[in-house]
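Following: one structure in structure tokens, then a few remarks.
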Amino acid sequence: EKGGYEHFMLKEMYEQPQTVRDTLNPRIKDGTIVIEELGMSEEEIRGIRKIHIVACGSAYHVGVTGKYVFEGMARIPVEVDLASEFRYRNPILSHDELVIVISQSGETADSLAALREAKDKGVKTLGIVNVVGSSIAREADKVMYTWAGPEIAVATTKAYSAQLIAQYLLAVKFAQVRDVITEGEVAAFLKDLQKLPEQIEMLLSNKEKIQHFANRYIAAKDVFFVGRGIDYAISLEGSLKLKEISYIHSEAYAAGELKHGTISLIEEGTLVAAVVTQEDLYKKTISNIVELSSRGAFVLAVTNTGNREIEKAADYVIYIPQTNKYFTNSLAIIPLQLFSYYVSVGKGCDVDKPRNLAKSVTVE
Ligand code: M6R
């Protein structure tokens, strides 16, 4: 049932191009985005004053990306919350806001409680859910499914990728309806979205190179992930993937925060993965990389094809193909997933069922 793959996680990583297609294609009709299940009129979409994104774990990291994407592209203010915090902080919500709850399983206790809290306060709710008919899917006012199919490995990969796509579709749709982007921009966004599956395939085909690199780090004690903007959101997910399946301590930091404390942890040979996909922030992150290297860090950079500048600063570079700046998460996460996977395999960990973790956290 693993379809010839050694682990479900590897199989699910390889399903990502298809998952992206399945989440994307049914919602693009004649060159426009149609999200029927949203059930919102254009007037309602124009009336959204604020979006709250609430989730746990990797789904929360999708939300952190969402903040940059909805704010940057659609100019709608976004608050992102961990569901376990949102549910107990008596959040301030009003009827012209939208609460988006993201969950693969649709059964995560805190996310479900957060959804109920939002509904009690009379605000519109939308679930981005993978499991059809799950509690969150049933209870949210509207549900947008991520068509990733069953995900078995505890570490999410394909559901995460599908959640990103659902969010991009919403952001482009909202931006278009609210007239903050041109029709030409919409067409360009759709073109870039449709290229993602092939680009993900290409990144997956690079697995031997990443396996080789990962084998050098199976004895690592600490790994740091850094980035700015969307690259910070990608770092959060890269770090969680590594720690959950390889048991290596890892942390993600907004690159600009390093010198406020964390840089004191860097020693000779400490691995730092720097995510550098936001062109307007290249220079800033590269100067952080220089600071890290001068304190002995070994810097792995994940960046866009064409960013030659980085080769002078980083020790090892993985390039991702060109896409729109809002969509780089879908590509940059692939080598980081592969890295975590191969570190875990190299250490002989139980990749699909890491210790102390459950696929679906139904108790708080
Ligand atoms: O089913 P959900 O998407 O609500 O689950 C949320 C988290 O428990 C989940 O993303 C968790 O962090 C994963 N194990 C990460 O790989």
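The values are calculated or read from the model by the stated rules, or taken from the named source; none is laboratory data. These figures come from a predicted structure and were not determined experimentally. Ideal geometry is used to build each Cβ from the backbone, glycine not excepted, and the neighbour counts take in all protein chains shown. Just the protein is used for accessible areas: all its heavy atoms, side chains included, with ligands, DNA and RNA removed. Shrake-Rupley method; radii C 1.70, N 1.55, O 1.52, S 1.80 Å.
For H52, the conditions (1) assigned to a helix (DSSP H, G or I); (2) in contact (Cβ under 8 Å) with a residue 60 or more places away in the chain; (3) touching a Pro at 6+ places or on another chain (Cβ under 9 Å) are fulfilled apart from (1).
Whether any residue in segment 318-329 is within 16 Å of the ligand (Cβ to nearest atom) and in contact with a Ser or Thr (Cβ under 6 Å, 6 or more places away or on another chain) is what I want to check. Looking for residues that are within 16 Å of the ligand (Cβ to nearest atom) and in contact with a Ser or Thr (Cβ under 6 Å, 6 or more places away or on another chain), one finds at least one in segment 318-329, hence yes. Can we say A166 is hydrophobic (A, V, I, L, M, F, W, C), under 30 Å from E43 (Cα atoms) and assigned to a helix (DSSP H, G or I)? Answer is yes for this residue.
Among residues that are over 29 Å from Q167 (Cβ atoms) and without any contact (Cβ under 8 Å) to a residue 24 or more places away in the chain, E208 is included. Within segment 137-156, residues that are basic (K, R) sit with their Cβ atoms under 7 Å from residues that are in a loop (DSSP other than H, G, I, E, B), at 6+ positions apart or across chains, in these pairs: K142/G39.
Here M9 clears all of (1) open to solvent by 10 Å² or more (accessible area, probe 1.4 Å); (2) within 16 Å of the ligand (Cβ to nearest atom) except the condition numbered (1).
Consider segment 42-58 and keep the residues that are of a type in the set (A, V, I, L, M) and away from the ligand (no atom under 14 Å from the Cβ). The one that is nearest to I181 (Cα to Cα) is I45. Scanning segment 1-34 for residues that are within 20 Å of N329 (Cβ to Cβ) and in a loop (DSSP other than H, G, I, E, B) yields a single hit, E15.
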